[in-house]
DNA sequence: TTAAATTAGTTGTACATACAAAATAGAAAG
DNA sequence: CTTTCTATTTTGTATGTACAACTAATTTAA
């Protein structure tokens, strides 16, 4: 039978890659006690104290509602603080999130090493570039 | 601040692409009344009547438990039938799923046209190839 | 020929994420 | 000013997906 779509359809291949890399990322981030997405979110907040949720959602390419949920979780674990300012919400690091930063950066490094070891440094970085460019085009569309 | 990981980390970029392409795919599959994954699953079952759940899970690169859920849904909508045979389950098409096939194939074609129009035919197909190759490597690892 | 190991599938539970609708605040227009 | 419009966030709800633990069937080995 013709199941070539499994290999040629971008919907398929990119979801597959996404599941594969997420699995690796979760392994490498286990030491942080966070899933990778939350780890990166903390880096963003730590690096830009007072950033708005809207900006965070844009940077991470997730919807505002998803971002609300993310911050809810971080706040619940004292890894971020909200300060309401009119209709926007400013997000700040906490002591705890600042302490975690080193561990997160280490995990992030391990993650990159881990997939680069499999794909090759150059190929991995080229792939990521290509994917980024395509994402941007498809989001704009 | 240094937020370059948003652009250089494969975990990030590939999840982003995955969300973007999934959104497009959902639009194009709206006419089928199914989400894209279920559409492709039906094509697979229709094309291989009696395929086992294990084989389906492997082809789609999802876990067996996920596949159980998928088939539950299809069966609930009379778009697939299970036949238990010892410890394995064989999955068969139904009248309804066979009728839907034309619509699904059309959606699948529209999807490919749609992202190829944005990325360019050659680039899109090359990207998908590269992504596939990397997925395979990362899954094996 | 029974006991142990392996394999296929299911179930409970959890998490990331989205969309649509509601709440709230601020800005613009009358 | 007050009404209307717009922007930001939140909430309710739904979906896709995974893992771990379980059940049931088959195979292997004693």
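Values quoted throughout were computed directly from the atomic coordinates according to the rules given, and no laboratory measurement underlies them. What you are looking at is a predicted structure, and each value in this text was computed from that prediction instead of being measured. Note that each Cβ is placed from the backbone with ideal geometry, even for glycine, and that neighbours are counted across all protein chains shown.
Some points to look at:
- Here each label is just a point 7 Å from Cα along the line to Cβ, and for residue B:126 and residue A:78 those points are 5.3 nm apart.
- If you plug the beta carbon distance of residue B:8 and residue A:92 into 1/(1 + (r/R0)^6) with R0 = 35 Å, you get a FRET efficiency near 0.85.
- Computed from Cα atoms, the angle from the helix B:121-140 axis to the main principal axis of chain B rounds to 70 degrees.
- Peptide ranges B:117-124, A:45-52, A:108-115 listed from the most packed, as the mean C-beta count within 10 angstrom indicates: A:108-115, A:45-52, B:117-124
- q = 0.09, 0.18, 0.19 Å⁻¹: log10 I(q)/I(0) that the Debye formula gives for chain B, counting C-alpha atoms only: -0.34, -1.14, -1.21
- Distance between modelled label sites at residue A:117 and residue A:59, nm, 7 Å Cα→Cβ extension: 3.0
- Shape of the protein assembly as shown, Cα gyration tensor, a/c cut at 1.5: prolate
- Alpha carbon centroid spacing (whole Å) that separates region A:3-35 from region B:62-141: 16
- Helix B:10-29 axis, angle to chain B major axis (alpha carbon atoms, nearest 10°): 50
- Helical content alone sets the calculated 222 nm signal of the protein assembly as shown at -23500 deg cm²/dmol, taking -39,500 (n - 2.57) per DSSP H segment of four or more residues and averaging over every residue.
- Chain A - percent relative contact order, Cα under 8 Å, separation 6 or more: 24
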